[in-house]
Amino acid sequence: MSAFIDARTVPDGTVLEPDLAIVGGGPAGISIALALANTPLRVVLLESGGMSFDPATQALYNGNKTGVKYLGLEASRMRFLGGSTNIWGGWSRPMDKIDFEERAWMPHSGWPFGLEALAPHYARAQTLCEAGPWLYEKAEHWSQSEMPTVPLGTGGVATRWFQFSKMRGSLLPTHFGERYADDLKKVRNLTTYLHANVTRLGLAPNGGKIEKLDIATLNGRHFSLKPKAVILAAGAVEIARLMLASNDVMPQGVGNANDVVGRYFADHPIPRDIGTVILFDGKLEPYYLTTQTMHGAILRAGLFPSEAYRRSKAMLDSSITIESKTLLDVLGKSTVATTAAALGVDASKAAAFTLGGGCEVTPDPDCRITLDSERDALGVPRVKLAMKLADSDLAHFRATLKELGRQLLASRAGMIRLNMKERGQWLTGLDWGNHHMGTARASIDPKKGVVDANLQVHGVANLFVVGSAVYPTYGAVNPTLSIVAMALRLADHVKGLLK
Amino acid sequence: MKTLFSRRNLLMGAAGIAVVAGVGFEASRVLRKRYAPSPYDDLLAKLDDRDGSAQIGEAVLAEVEDFDAKTVAAGLRAKLAQASLADIAAADAAAERLVEAHGWVLPQSVGLLCALAAKAAA
């Protein structure tokens, strides 16, 4: 067993020469490090933080932002081993086939690979996320007698299921750093450096490969790595920052010949109290409202637009959750009574519930990360985020909610009130998923993307990026499970490449 | 042995109940909310709560452009001659014929009936 190395104790000027350097000890970096265990590759995992939260390290994330009100850049991620799994909610669900496709109604859509590329890796990802047996598809076919679902008329919205990560002993969810620290220490071909901040990606003079990584610590130590290959496995903001700030050889930064790095930043908008759903018979199974342990997994039901609906109606993705019981005002009660009576249904036991959820956004090149003039404690430029949110994306979400209401009416089971219409209503109390995505998007075309189908940076032979930074489009489900699956796929690729 | 209910008492009791019932019936008729006659009363009778429906209808009218009450009423009458309101409303939803009122998503037929209630109340 090899203990983690505290980079603050590494002598100045040390040069390490591993086969592979993984930058970032979050779920992607840890998954790759574990996947490469017991291979001939000598792997170094570099984590900026330690084993727990440290304000000075976390402050390296600070940045400025303009545009739509957004989370503090230092607030929605965690800079210590485990990365953002130290604060995630454990929500897990694979992406859909349509998420990877080029869609005529969505500008800039289309991944350079399809769901089939990730599918072989989802099972292992599910295990690493400790999200229980793979039930997603099976759950959609459970019988009404076994797992009753909200009765919906034929249409575009259906009940589908989230599974949740759990840690041993039922603590929820899995914090990758704490959970896998011992496993990482057992990997003989891996050395993990904590408190090691990469401050520069050193390109070869011709810009064709990474020759060197500069490492700095907050106590003033400086050393370097000369790896055969590098995987950037940090979050989408830090990856863009590092690629843009490493501009000593190529003035526009690493992998940024076409000015794509940092663009297309996205997150999932999570507007609160988006609607009220009425169930005329008042019956709602508890797994719609909160997680339930069933079938060996932790499950919660949500309401999702189907792939067929998204295609036929040219809709973006979204997820709708039923949140909590609520009361109606006089007009609401009257509307429910009138509608139920018109439908010939008894609504004397009707119950109302608030709705929440999140939605996909259209990729926008002007929603972007750039470098600021300020620098952090290690001398690296801080970032500026220009955050945007299009009305048309919110309109898609509203249309899907309306479709849910239509289906409830068609089945005479209930109805819906849409609480949001004007932009100001959506933005009031708007929350975000804390899912940073898109700043190093994948595309087969170097003019449209930063990395190719193998997640290799266009034009830089030995540099790879993994994580939600490479998402060209964003779906509406929580990204961690897919990030881990993508990381495992990349591990396989790199294993073949470097053997 | 003296019976508990004599014939005379029974007759008087029955007469009393009849009087109370009659007064009650008349009172409910008198006290029932009356509406000014409108051309749509036959349709509005289908609504569970005419006042509440009128409130909903105000919101529907704000959403529907070029609302022509006579045409709407004629259309609804034609439909109701063929099927029940319940079936028409469910069919509206199935066919994506919907209207909104203060964010409430309603079958078109229900929304239009409410709009007629609002017109009648105006």
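The values are calculated or read from the model by the stated rules, or taken from the named source; none is laboratory data. From a predicted model like this one, the values you see are computed outputs, not experimental measurements. Note that we place each Cβ from the backbone using ideal geometry, even for glycine, and neighbour counts take in every protein chain shown.
Among the residues of the stretch A:252-280, which ones are of a type in the set (A, V, I, L, M) and either within 23 Å of A:Ala75 (Cβ to Cβ) or outside any strand (DSSP E or B) (or both)? Show your work before the answer.
First, pick out the residues of the stretch A:252-280 that are of a type in the set (A, V, I, L, M): A:254, A:257, A:260-261, A:266, A:270, A:274, A:277-279.
Those that are of a type in the set (A, V, I, L, M) and either within 23 Å of A:Ala75 (Cβ to Cβ) or outside any strand (DSSP E or B) (or both): A:Val254, A:Ala257, A:Val260, A:Val261, A:Ala266, A:Ile270, A:Ile274.
Of the residues examined, A:Leu378 is not one that is over 18 Å from the mean Cα position of the chain (by Cα), within 12 Å of chain B (Cβ to nearest Cβ) and not small (Gly, Ala, Ser). The residues of the stretch B:80-96 that are more than 7 Å from chain A (Cβ to nearest Cβ), under 22 Å from A:Arg398 (Cβ atoms) and out of contact with any Ser or Thr (no Cβ under 8 Å at 6 or more places or on another chain) amount to a single one, B:Ala95.
Among the residues of the stretch B:97-122, which ones are within 8 Å of another protein chain (Cβ to nearest Cβ) and either buried (at least 24 other Cβ atoms within 10 Å of the Cβ) or touching a Gly at 6+ places or on another chain (Cβ under 7 Å) (or both)? Even if it seems obvious, please write down each step before you answer.
Filtering the stretch B:97-122 for residues within 8 Å of another protein chain (Cβ to nearest Cβ) gives B:98, B:100-107, B:109-110, B:113-114.
Within the stretch B:97-122, B:Ala101, B:Trp104, B:Val105, B:Leu106, B:Pro107, B:Ser109, B:Val110, B:Leu113, B:Cys114 meet the criteria.
Checked against (1) in contact (Cβ under 8 Å) with a residue 24 or more places away in the chain; (2) farther than 23 Å from A:Ala131 by Cα, A:Glu74 meets all criteria but (1).
Restricting attention to the stretch A:182-233 and to residues that are among the polar types (S, T, N, Q) and assigned to a strand (DSSP E or B), the residue that is farthest from the chain's Cα centre (by Cα) turns out to be A:Ser224.
Considering only residues that are touching a Gly at 6+ places or on another chain (Cβ under 7 Å), farther than 15 Å from A:Leu232 by Cα and surrounded by 18 or more Cβ atoms within 10 Å (Cβ to Cβ), which ones fall in the stretch A:438-460?
Filtering the stretch A:438-460 for residues touching a Gly at 6+ places or on another chain (Cβ under 7 Å) gives A:439, A:441-443, A:446, A:450, A:457-460.
Now narrow it down to the ones that are farther than 15 Å from A:Leu232 by Cα: A:443, A:446, A:459.
Matches in the stretch A:438-460: A:Ser443, A:Gly459.
Please count how many residues of the stretch A:152-178 are assigned to a loop (DSSP other than H, G, I, E, B) and more than 23 Å from A:Arg311 (Cα to Cα).
As a first pass, look at the stretch A:152-178 and keep what is assigned to a loop (DSSP other than H, G, I, E, B): A:152-156, A:165-167, A:171-175.
Keeping just the survivors that are more than 23 Å from A:Arg311 (Cα to Cα) gives A:165-167, A:171-175.
Looking only at that region, the number is 8.
Only one entry of A:Lys388, A:Lys325, A:Lys349, A:Lys313 meets the criterion of being in contact (Cβ under 8 Å) with a residue 12 or more places away in the chain, basic (Lys, Arg) and within 14 Å of chain B (Cβ to nearest Cβ), and that entry is A:Lys313. Every condition in (1) outside any helix (DSSP H, G or I); (2) in contact with a Cys (Cβ under 9 Å, 6 or more places away or on another chain); (3) modelled with pLDDT under 95 holds for B:Leu106 except the one numbered (3). If the condition is being exposed (fewer than 13 other Cβ atoms within 10 Å of the Cβ) and acidic (Asp, Glu), then the stretch B:52-72 contributes B:Glu65, B:Asp66, B:Asp68. Evaluate the stretch A:344-358: report whether one residue or more is in contact with a His (Cβ under 7 Å, 6 or more places away or on another chain), buried (at least 21 other Cβ atoms within 10 Å of the Cβ) and at pLDDT 95 or above. Yes, the stretch A:344-358 contains a residue that is in contact with a His (Cβ under 7 Å, 6 or more places away or on another chain), buried (at least 21 other Cβ atoms within 10 Å of the Cβ) and at pLDDT 95 or above. Cβ separations smaller than 8 Å between residues 6+ apart or across chains give the following pairs from the stretch B:78-92 residues that are over 12 Å from A:Val345 (Cβ atoms) and assigned to a loop (DSSP other than H, G, I, E, B) to residues that are modelled with pLDDT of 95 or more and of a type outside the set (Phe, Trp, Tyr): B:Ala83/B:Ala91; B:Ser84/A:Gly344. Here the stretch A:402-411 is the region considered, the condition is being crowded, with 23+ Cβ neighbours inside 10 Å and within 7 Å of chain B (Cβ to nearest Cβ), and the residue that is nearest to A:Ala347 (Cα to Cα) is A:Leu409. Is at least one residue of the stretch A:453-469 farther than 24 Å from A:Leu331 by Cα, within 14 Å of chain B (Cβ to nearest Cβ) and free of Cβ contacts under 8 Å to residues at least 40 places away in the same chain? Within the stretch A:453-469, none of the residues are farther than 24 Å from A:Leu331 by Cα, within 14 Å of chain B (Cβ to nearest Cβ) and free of Cβ contacts under 8 Å to residues at least 40 places away in the same chain. Residue count for the stretch A:74-121 satisfying the condition of being within 30 Å of A:Asn62 (Cβ to Cβ) and either of a type in the set (A, V, I, L, M) or surrounded by fewer than 21 Cβ atoms within 10 Å (Cβ to Cβ) (or both): 9. If I filter the stretch A:152-163 for residues that are away from chain B (no Cβ under 14 Å) and more than 30 Å from B:Ala91 (Cα to Cα), do I get at least one hit? So far as the stretch A:152-163 goes, yes, one or more of its residues are away from chain B (no Cβ under 14 Å) and more than 30 Å from B:Ala91 (Cα to Cα). Filtered by the rule that a residue be away from every other protein chain (no Cβ under 14 Å), touching a Lys or Arg at 6+ places or on another chain (Cβ under 8 Å) and either over 19 Å from A:Thr321 (Cβ atoms) or among the hydrophobic types (A, V, I, L, M, F, W, C) (or both), the stretch A:412-437 gives A:Leu427, A:Leu430, A:His436.
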